[in-house]
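My questions will all concern the structure given below.
Just so you know, all these numbers are worked out from the coordinates, no wet-lab data involved. This one's a predicted model, so the numbers in the text were calculated from it and none came from an experiment. Positions of Cβ are generated from backbone atoms using ideal geometry, with glycine treated the same way; all protein chains shown enter the neighbour counts.
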Amino acid sequence: MAAVLEGTARALLRRVAIEQAETRMPSLAAMVLREGEPVWFGARGRAEGAAPTTATQYRIGSITKTMVAVLVMRLRDEGLLDLNDPLAKHVAATPVGDVTIAQLLSHTGGLTAEPPGGWWERTPGVEMDALAGALDVQTARHRPGRRFHYSNLGFALLGELVARHRGVGWAEAVRSEILEPLGMRDTTTRPREPYARGYAVHPWADVLLPEPEHDAGAMAPAGQLWSTPADLARWAAFLSGGKEAVLRGATLAEMREPAAVEDGDTWSVGHGLGVQLLRHRGRRLVGHGGSMPGFLAVVWADPADRASVLVMANATSGLRASVATDLLDILDTHEPPLPREWAPSPADADLLETTGPWYWGPAAYLLRLLPGRDVSLAPVGVPGRSSRFAAQADGTWLGLDGYYAGETLRLVRRPDGSPGHLDLNTFVFTREPYDPAAPVPGGVDASGWR
C-alpha cells in the first residue's frame, strides 16, 4: 500500500478515532484510495478481541445492490434485455410486472420499500415463489416513474431476473462475473473468519446486544454480502475507474448519470442505475451505503480523480454519514492532488483546420480537439449549450453530454474541400455570423449587416 504523509495519516486516524469513540462503535475500519490505489488504512475498537485488519469481514448490506446492478447492465450490454422492458417480460407472475428494469434500478418504480411479512433483515428469508406469492396490489405505493422511493423489494426482483437469465443464483453470477475478475476473493454471502460480529449498542449504557445473522433468501440481492476493507477497496476502485472485463466504461458512466434526486431542490443526494450519488464540495461521488442489523458501511468514489473512501462498522446504528466525506476532505487539505501533466496529443491535419470559432447565428462557439479525434463545442465567454462529441467511424461525431447528448454533429465541406459549416441536428454553425454562403435555415437577409 502506498502511504500518505505522516501528518495526513495522523489526521485521518484522529477522525476515525473520534467517530468510534463518540458514536460508540464496537469496531470501525476505514480506507482511503488515490488513483484507484489504497493509500491509508485505519481502524479503532475491537472485533472479537482483535483490532480490525484489512482482512476482517463486515457485512456490507445494500452495497450488494451495486453489484446486482452491474449484472443487470451486463445483461443489457449482451442484448438480453432492454432497460425499458417491463419486469413481466423477464419475471412473470408478479402484480408489479409493468415496472421497467430502469425504474427498478433507480428506485423510481413506486414499489414498497420492504417486502410483506416480518422485518426481513432480522428474520430468515423465504424463496422467490413465496415472496412473489405474497405480493399484492399494495406492493405498488406510487405511480411508476413519479418519484424516488427506495425499494429493497425491487432489488430482490432484479436478483431473480439475473438468476433466470444466467441459469444460476444471483450470488454465483456475482462471484463469477464480478468478484473473481476483480480479485475480490474475500467477499462472500455468509461470514468467514476473521469477521466482526454484529451488535446493537444500548442507547443509554455501554453494553452490547448481539444481532441475528441469516440467509435472506429471495431478499438476499438487497443486502446479503460480507466483505473486507481490502476487497471493498477493489470495488471502490472499480466504481471510480472501471474494468472492461467486468463492464464497459460507457455503461459504467451511464450508471453514474443522475436518474432521481432524493432531497428535492437541494440536489446533494441522488440515484443513478443501482448506485447512489453524492455532491460534496465540488466532488460528484458514486457509491452506496449499507445497513443491516449489527452493521453499517459506506463506499464513495470520485471518477474525476479516482479518490475513494470506505468505512465499515459493526453496530446497528449511530455512525455519522459525514465520516466518509470528512476523510476525503482531510486528504484534500493535507495532500491536495496535483493536476495531471499536460502532454501534446497528435492531431490530424484535416481536423486542425476545423478548430477555432464557429457561429450559431450571431452566437460564437469554440471547437476544440480532444484526444482520439473527439471534439468539444462550447459557447465563448457566456453560458450556453456545451457538449463533447465522440468521433464515429463514418466521420461524424456523436454527442456525449449536455444538450446535444446522442445527437450527430457533421462537418460539411465546400467543393474545394475546406470546412464549410457544421450541421448539428438542424442547427447550422458557420465560420462567420450568418454566413450568406452557408445553408442557414430561413436564409440570410440579402442586404447583409447594417
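Of the conditions (1) in a loop (DSSP other than H, G, I, E, B); (2) crowded, with 22+ Cβ neighbours inside 10 Å; (3) not acidic (D, E), M219 satisfies every one except a single condition; which number is it?
(1) is the only condition that M219 fails.
Same structure again: So R340 fits all but one of (1) out of contact with any Pro (no Cβ under 6 Å at 6 or more places or on another chain); (2) under 30 Å from S27 (Cβ atoms); what number is the exception?
(2)
Same structure again: Check whether at least one residue in the range 287-295 is aromatic (F, W, Y), in contact with a strand residue (DSSP E or B) (Cβ under 8 Å, 6 or more places away or on another chain), buried (at least 24 other Cβ atoms within 10 Å of the Cβ) and touching a residue at least 12 places away in the same chain (Cβ under 8 Å), and report yes or no.
Yes, the range 287-295 contains at least one residue that is aromatic (F, W, Y), in contact with a strand residue (DSSP E or B) (Cβ under 8 Å, 6 or more places away or on another chain), buried (at least 24 other Cβ atoms within 10 Å of the Cβ) and touching a residue at least 12 places away in the same chain (Cβ under 8 Å).
Next question, about the same structure. Pull out all pairs, ordered by first then second residue, where Cβ-Cβ is under 6 Å, the residues are six or more apart or on different chains, the first lies in the range 228-243 and is without any contact (Cβ under 8 Å) to a residue 24 or more places away in the chain and within 19 Å of R284 (Cα to Cα), and the second is assigned to a helix (DSSP H, G or I) and not charged (D, E, K, R).
Within 6 Å, the pairs are G242/G249; G242/L252.
Rundown of residues vs (1) under 23 Å from A69 (Cβ atoms); (2) part of a strand (DSSP E or B), yes/no style:
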{"position": "V286", "(1), (2)": "yes, yes"}
{"position": "G289", "(1), (2)": "yes, yes"}
{"position": "L296", "(1), (2)": "yes, yes"}
{"position": "W300", "(1), (2)": "yes, yes"}
{"position": "A304", "(1), (2)": "yes, no"}
{"position": "V309", "(1), (2)": "yes, yes"}
{"position": "R320", "(1), (2)": "no, no"}
{"position": "V323", "(1), (2)": "no, no"}
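Residues R190, R175: which one is touching a Ser or Thr at 6+ places or on another chain (Cβ under 9 Å), farther than 22 Å from A43 by Cα and of a type in the set (K, R)? Give the steps one after another, and end with the answer.
Details: R190 fails: touching a Ser or Thr at 6+ places or on another chain (Cβ under 9 Å).
After applying the criteria, what remains is R175.
Test of understanding: among L71, L105, L80, L75, which residue is part of a loop (DSSP other than H, G, I, E, B) and out of contact with any Ser or Thr (no Cβ under 8 Å at 6 or more places or on another chain)?
Numbers: L71 fails: part of a loop (DSSP other than H, G, I, E, B); L105 fails: part of a loop (DSSP other than H, G, I, E, B); L75 fails: part of a loop (DSSP other than H, G, I, E, B).
Unique residue meeting the criteria: L80.
Looking at the range 226-273, which of the residues that are under 17 Å from L71 (Cα atoms) and part of a loop (DSSP other than H, G, I, E, B) is nearest to the chain's Cα centre (by Cα)?
R256
From H142, H202, H165, which residue is over 22 Å from I60 (Cβ atoms) and free of Cβ contacts under 8 Å to residues at least 24 places away in the same chain?
Working: H142 fails: free of Cβ contacts under 8 Å to residues at least 24 places away in the same chain; H165 fails: free of Cβ contacts under 8 Å to residues at least 24 places away in the same chain.
Going through H142, H202, H165 in turn, the sole match is H202.
Hey, another quick one. Pull up the range 166-196, narrow it to residues that are basic (K, R) and surrounded by 17 or more Cβ atoms within 10 Å (Cβ to Cβ), then point me to the one that is nearest to the chain's Cα centre (by Cα).
Out of the qualifying residues, it is R175.
Output the strands (runs of 3 or more DSSP E) that fall wholly within the range 389-439 and possess 1 or more residues being small (G, A, S) and touching a Phe, Trp or Tyr at 6+ places or on another chain (Cβ under 7 Å), or say none.
So the answer is 397-399.
Since L366 meets every condition but one in (1) closer than 28 Å to R450 by Cβ; (2) in contact with a helix residue (DSSP H, G or I) (Cβ under 7 Å, 6 or more places away or on another chain); (3) hydrophobic (A, V, I, L, M, F, W, C), which condition does it not meet?
The one condition L366 does not meet is (2).
If you don't mind, another one. Determine whether the range 200-215 contains at least one residue that is surrounded by 20 or more Cβ atoms within 10 Å (Cβ to Cβ), out of contact with any strand residue (DSSP E or B) (no Cβ under 8 Å at 6 or more places or on another chain) and farther than 30 Å from A21 by Cα.
no
Here is a further query. Being without any contact (Cβ under 8 Å) to a residue 12 or more places away in the chain, within 32 Å of the chain's Cα centre (by Cα) and surrounded by fewer than 16 Cβ atoms within 10 Å (Cβ to Cβ): is that true of R340 here?
Considered against the rule, which asks whether it is without any contact (Cβ under 8 Å) to a residue 12 or more places away in the chain, within 32 Å of the chain's Cα centre (by Cα) and surrounded by fewer than 16 Cβ atoms within 10 Å (Cβ to Cβ), R340 comes out as yes.
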